[in-house]
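Engineer: Take this structure, written in structure tokens, and hold onto it; I'll ask about it next.
Every number in this text was worked out from the coordinates using simple rules, so none of it is lab data. This is a predicted model, so every value here is computed, not measured. Cβ: placed from backbone, ideal geometry, glycine included. Neighbour counts: every protein chain shown.
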Amino acid sequence: MKKELKIEYRQLKHWNELPDTDQVLVKKANSVMLNAYAPYSDFKVGAAVLLANNTIVTGSNQENIAYPSGMCAERVALFYAGANFPNQKVETLCIVAKGDLISREDLLSPCGGCRQVMAETESRQGEPYRVILVCQNDEVIIFNSALDLLPLAFGS
Ligand code: THU
């Protein structure tokens, strides 16, 4: 039997078309991105997570000379949220990045490891949360559920 998976997302030309509350997340993600430690890839990533109690937690990628020991921005932020606000549901995750590793027009797309963590954050809290991806040319892609980014996820 042939089946199809459908993924819905919205696209905006510029993140300044987002509602004010989301623009705050973009700005927070952009400012924490400056704290990225990325001497090996020269690719800086910032993530901002809005929790149900209106707290915003942020993270940036932190690399290491032993490459696998580094950590992506999304996971730094989500793990910080889990460690410090274990009972607060994630409402929105916003991601920004800067660097030549991908071109300005390319979609800023979370890596597979981050998608797995994003998916489990959602299945664990039993409620979908929005994911806002801001490309380097300021275009935005918005998903209404993190699981949309990892169809047929292990453990979901
Ligand atoms: N990176 C992130 O922080 N998030 C992603 O979703 C993709 C990649 C980081 C990891 C590494 O420090 C650098 O970007 C280059 O891959």
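Engineer: Picking from 129, 67, 37, which is most flexible by a Gaussian network model of the chain using Cα springs under 10 Å?
Structural biologist: Largest GNM mean-square fluctuation: 67.
Engineer: Here is the link list: 6/27; 3/89; 2/89; 13/98; 13/89. Which ones come out longer than 25 Å on Cα distance?
Structural biologist: 6/27; 3/89; 2/89; 13/89
Engineer: Another one. Using the basic label-point model (7 angstrom from Cα toward the beta carbon), what is the residue 14 to residue 111 distance in nanometres?
Structural biologist: It works out to 3.3 nm between the two label points.
Engineer: Can you give me the relative contact order of region 91-156 as a percent, contacts being Cα pairs under 8 Å and 6 or more apart?
Structural biologist: Once normalised by length, the contact order is 40 percent.
Engineer: Give the shape of the chain as rounded, prolate or oblate, defined through the alpha-carbon gyration tensor: a ≥ b ≥ c are the square roots of its eigenvalues, a/c under 1.5 means rounded, and otherwise the shape is prolate if a/b is larger than b/c and oblate if not.
Structural biologist: Rounded, because the longest to shortest axis ratio a/c is under 1.5.
Engineer: Right, next: Only Lys, Arg, Asp and Glu count, each charged at its Cβ (+1, +1, -1, -1), so figure out the dipole size of the chain about its Cα centre, rounded to 20 debye.
Structural biologist: Working: 15 positive and 18 negative charges, 47 e Å.
Using only the charged Cβ atoms, the result is roughly 220 debye.
Engineer: Would you look at the GNM of the chain, springs on alpha carbons closer than 10 Å, and say which of 73, 38, 47 moves the most?
Structural biologist: Looking only at 73, 38, 47, the biggest GNM fluctuation is shown by 38.
Engineer: How many angstrom lie between the C-alpha centres of region 88-156 and region 6-66?
Structural biologist: Result: 10 Å between the Cα centres.
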